[in-house]
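Here is the structure we will look at.
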Amino acid sequence: MLGNFSYKNATKLYFGDDSLKYLNEELSKYGKNVQLIYGGGSIKKNGLYDEIVKILRDNGKNIIEDAGVMPNPTIEKLREGVHIARENKSDLLLAVGGGSCCDYAKAVSVSVNCDEDPWEKYFDRFEEPTCEILPVGCVLTMAGTGSEMNAGAVITNHAQKLKIGHVFGEEVMPKFSILNPKYTFSLPKRQMVAGIYDIFNHICEQYFSGEDDNTSDYIAEALMKSVVHSSLIAIEDPEDYEARSNIMWTATWALNTLISRGKSEDWMVHMLGQSAGAYTDATHGMTLSAVSLPYYRYIMPYGIKKFKRFAEEVWDICSEGKTDEQVAEEGLEAMENWMRKIGVAMSLSELGATEDMIDGITDGTIILEGGYKVLTKDEVREIIRKSM
Ligand code: NZQ
Ligand code: ZN
């Protein structure tokens with residue numbers, strides 16, 4: 001049965017190859033001081049930085065530089081961003097980049113006016129903000145996380161070897177996000193496919209939970225088919241606008257909270273992947289692909305009906321004359337073939353994880369209870385071992 005829920009999506013989205021022009025309109029809503037948040041320099045190489053700086057100047061804004069947001073943003077960088085915002089009295093946090101820049105901007109937004117330590121409050125005690133929240137806007141350059149239209153922020157604490165995500169309330173969602181698929185053309189292929197697998201797995205995390213017959217599962221299946229279809233075009237021709245735009249839009253829908261409404265969710269692949277990420281600092285989507293098959297093969301018997309449905313509906317596996325287990329396994333084989341074809345990481349050792357990290361990754365894995373099997377610590381260790 002579909003559970004009771006509320007649904008509101010607070011982000012205004014501008015999509016398409018002319019979407020940057022709407023930044024002018026959005027900027028008119030906020031004060032003079034714009035904190036321009038970006039990463040390690042890709043936007044300087046592809047020219048987007050210059051375009052944005054021009055728009056900010058034309059709109060009479062003070063530009064406050066906040067560069068160097070690393071993939072998997074750290075707590076130290078978050079503290080630096082908070083300092084920059086306080087010193088310069090930032091009125092708007094404008095993130096230009098991938099999920100790391102968007103997440104970081106959201107984490108800064110809830111910390112600038114907060115007296116407590118952000119790590120302890122938001123990523124250890126998981127409290128909600130009680131202070132004034134700075135507005136965030138995003139110009140997205142990488143499709144994957146869905147951060148452009150959700151309230152999640154993931155921060156890494158290397159000292160504690162923890163990578164933790166907090167899904168805040170709707171007031172933390174970006175006020176606006178600008179999505180131009182052409183900005184994703186300059187992504188290296190490895191980042192593109194990591195993003196594609198991240199999208200696919202976000203849908204899986206919400207799909208592989210619960211036994212009910214609900215609308216969400218039908219939407220999820222369509223989104224999965226779309227991302228598989230477009231990924232095969234994009235790996236052959238990364239500048240195929242139709243494929244890249246479908247991927248970008250699917251990423252947003254995969255994690256803008258719509259398909260999770262009224263149903264339970266799993267998220268164990270993310271918990272396993274994030275813990276591995278804290279040890280390896282590897283690309284997010286790759287940590288997910290590395291642990292996915294050992295995890296799904298392990299839980300399959302506990303959710304056999306859904307895995308059979310996944311095989312039939314997403315991978316067109318014919319079930320005639322086969323047991324449910326055979327059909328379900330063929331579905332996972334088809335998924336594995338697709339993963340190998342697009343070229344995602346298939347093991348944690350490819351990402352730099354070593355045997356001596358297994359216990360630490362196990363300890364850092366938060367065990368959630370929404371999936372088909374609530375794992376024990378020993379089962380987590382076994383899955384990590386199989387992922388090596
Ligand atoms: O830093 P720059 O130079 O910009 O380079 C980035 C970075 O090295 C590069 N890149 C991005 N757009 C580019 C580009 N290079 C060339 N051309 C472009 N157009 O790609 C690299 C990765 O960027 P990043 O932002 O780190 O990737 P992604 O979008 O995958 O974000 C990953 C972060 O988001 C978190 C992850 O844990 C990770 O910390 N997540 C956030 C979620 C959320 N808010 O809901 C959910 C996700 O599951 C995820 O956990
Ligand atoms: Zn993810």
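Where a number appears in this text, it was derived from the coordinates with a stated rule and is not lab data. Not measured: the values here are computed from a predicted model. Here the Cβ is made from the backbone with ideal geometry for all residues, glycine too, and neighbour counts use every protein chain on show.
Before moving on, here are some points about what is shown:
- Packing-based ranking of 226-233, 44-51 yields 226-233, 44-51, ordered from highest to lowest mean Cβ neighbour count within 10 Å.
- Each 5 Å bin, from zero up to the one with the longest distance, holds this percent of the alpha carbon pairs of the stretch 16-69: 4, 18, 28, 26, 18, 5.
- Compactness of the stretch 79-153 was expressed as the Cα radius of gyration divided by 2.2 N^0.38 Å, which yields 1.06.
- For the stretch 129-243, the spread of Cα positions along the three principal axes, ordered from largest to smallest, is 46, 41, 32 Å.
- Over the chain, Cα pairs under 8 Å with separation of 6+ residues give a relative contact order of 16 percent.
- Summarising the amide proton neighbourhood of Lys12: residues at separation of 5 or more, or on other chains, whose placed amide H is nearer than 5 Å comprise Phe176, Ser177.
- Theoretical ellipticity at 222 nm over the chain - DSSP helices of four or more residues, -39500 (n - 2.57) apiece, nearest 500: -14500 deg cm²/dmol
- Reach of Lys21 by Cα under 17 Å, taken over aspartates and glutamates that are not fewer than 8 positions away in the same chain: Asp50, Glu51, Asp58
- Cα radius of gyration and Dmax for the stretch 270-355 (Å): 14.3, 45
- Sorted on the mean count of surrounding Cβ atoms within 10 Å across their residues, most packed first, peptides 131-141, 366-376, 27-37 read 131-141, 27-37, 366-376.
- Ranked by how many other beta carbons lie within 10 Å on average, peptides 97-109, 321-333, 6-18 from highest: 97-109, 321-333, 6-18
- Principal-axis tilt of helix 377-387 within the chain, Cα atoms, nearest 10 degrees: 90
- Relative to the longest principal axis of the Cα atoms of the chain, the long axis of helix 284-299 makes an angle of roughly 30 degrees.
- In whole angstrom, the chain maps to an equivalent ellipsoid with semi-axes of 34, 23, 19, each derived as √(5λ) from the alpha carbon gyration tensor and ordered largest first.
- Dimensionless Rg over Rh [the stretch 52-98; C-alpha; Kirkwood]: 0.99
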